[in-house]
Amino acid sequence: RGRVMVQVRVARLDSDHVVVLGEDRTEARRVEAIRRDFAVNVSHELKTPVGAISLLAETMQDAADDPEAVRHFAGRMQQESTRLGALVHEIIELSRLQVAGALTEIGVIEVDEVVAEAADRARVVAQAKEITLDVGGEPGLRVFGDHALLVTAVRNLLDNAVAYSGSNTRIGLGVRSAGDLVEIVVVDQGIGIDASQQARIFERFYRVDPARSRDTGGTGLGLSIVKHIASDHGGDVRIWSEPGRGSTFTLRIPSAGAEHTSPEEDA
Ligand code: ADP
C-alpha cells in the first residue's frame, strides 16, 4: 500500500567496519501476495465443479429407477467434468508460464502457420454456432518464439470471440506488420465489453458475467494466459471494444522479418 519494504542485511568487513545492505522487498511481497490470492482462487474455482459432480452423483443414485432422469444427470455430470478438465488444463498452463523461461522451444515462427492451426481448431466451435470465420492478411511474416504457445494464445482469443458472439455473425482473423511488430488481430461482432471492465478482463479468474462465462464453459483464465504469452514474447495484447458492437483483440509480437524480402529492401 505504497510502503516500501526493505530487507536489511549487515555484513562485517573487519573488526572496525560493517556494511549495511538494503534490498527492496516491495516487489517480492507483491508477487507473494498474488501467488497467495491465486492459490485461494484456484481452490475456490475447483470446488465449484467438484461439488456439482458430487451432488449430481448423489441425485442420480436417488433417481436410479428413472432412466430419463439418469440420462439428464449423466449429461450434466459430463458437462461439469469437461469444465473441470479445462480448468485444470488452464491452471497448469498458467503455472508453467509463471515459471521463468517458459518458452522452451524458441525458434523462427511462421505466423501464417500459427494462424492457420488456431483457425482450424476454432472452426469447429464456430460452425456449431453458424459463425463464419474469415482468415486473411499479409503472408510470410515471422516472429521469434514458441509455436505451440502462440497457437494457444490465438486459439484463446478465437474461442472467446465465438463464446461471446451470437449465431450468424462473423469473426475476422488477420495478420499484418506494423513497424517492428507483427499484429495478429481477432475481430468479432459479439456482445462487447464496457470500457470500465476492459483492463480487468486480463486478470486471472475475472469475468464480466460469471454466469455467462460458466454457461460457455469459460474458466476466467483464457485472457491472462494470452497476456502472459504475449509478454513472454516481448509483446502485448490490446483491446478495442464497444458494448453491442463487438471486440477487437490485437496480439502484438516483435517481428523477426519477412520470408521474402523485396528487391527494394535488398538494395
Ligand atoms: P472466460 O473463460 O470467462 O472466457 P477469459 O479470461 O478468456 O475468461 O475472459 C475474461 C472475460 O472477458 C470473459 O468472462 C468475458 O466476460 C470477457 N471477454 C473475453 N473475450 C470477450 C469477447 N471477445 N467479447 C466479449 N467479452 C469477452
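The values are calculated or read from the model by the stated rules, or taken from the named source; none is laboratory data. None of the values given here were measured: they were computed from a predicted structure. As a convention, Cβ positions derive from the backbone with ideal geometry for all residues, glycine included, and neighbour counts pool all protein chains shown. Ligands, DNA and RNA are excluded from the accessible area calculation, which covers all protein heavy atoms including side chains. Shrake-Rupley method; radii C 1.70, N 1.55, O 1.52, S 1.80 Å.
Would you confirm, using the coordinates I've provided, whether residue 138 is under 24 Å from residue 79 (Cβ atoms), open to solvent by 40 Å² or more (accessible area, probe 1.4 Å) and either within 16 Å of the ligand (Cβ to nearest atom) or touching a residue at least 24 places away in the same chain (Cβ under 8 Å) (or both)? Here the answer is no, as residue 138 does not meet what is asked.
Quick check: is even one residue across the range 127-134 open to solvent by 30 Å² or more (accessible area, probe 1.4 Å), more than 16 Å from the ligand (Cβ to nearest atom), touching a residue at least 12 places away in the same chain (Cβ under 8 Å) and of a type in the set (Asp, Glu)?
Step one: list which residues in the range 127-134 are open to solvent by 30 Å² or more (accessible area, probe 1.4 Å), which gives 127-130, 132, 134.
Keeping just the survivors that are more than 16 Å from the ligand (Cβ to nearest atom) gives 127-128, 130.
In the following step, the residues that additionally are touching a residue at least 12 places away in the same chain (Cβ under 8 Å) were identified as 130.
Add one more test, that the residue is of a type in the set (Asp, Glu), and what stays is 130.
For the range 127-134, residues open to solvent by 30 Å² or more (accessible area, probe 1.4 Å), more than 16 Å from the ligand (Cβ to nearest atom), touching a residue at least 12 places away in the same chain (Cβ under 8 Å) and of a type in the set (Asp, Glu): present.
Return yes when residue 35 is open to solvent by less than 40 Å² (accessible area, probe 1.4 Å), at pLDDT below 90, under 20 Å from the mean Cα position of the chain (by Cα) and charged (D, E, K, R) and no when it is not. Give the derivation first.
On the way: open to solvent by less than 40 Å² (accessible area, probe 1.4 Å): no; at pLDDT below 90: yes; under 20 Å from the mean Cα position of the chain (by Cα): yes; charged (D, E, K, R): yes.
Answer is no for this residue.
Taken as a whole, the condition of being modelled with pLDDT of 75 or more, open to solvent by 50 Å² or more (accessible area, probe 1.4 Å) and under 20 Å from the mean Cα position of the chain (by Cα) applies to residue 96.
Inside the range 143-246, counting only strands (runs of 3 or more DSSP E) that do not spill past its ends, which hold 3 or more residues that are more than 8 Å from the ligand (Cβ to nearest atom), closer than 20 Å to residue 122 by Cα and open to solvent by less than 50 Å² (accessible area, probe 1.4 Å)?
On the way: elements: 170-178, 181-188, 236-242.
Where strands (runs of 3 or more DSSP E) fall fully within the range 143-246 and carry at least 3 residues being more than 8 Å from the ligand (Cβ to nearest atom), closer than 20 Å to residue 122 by Cα and open to solvent by less than 50 Å² (accessible area, probe 1.4 Å), they are 170-178, 181-188.
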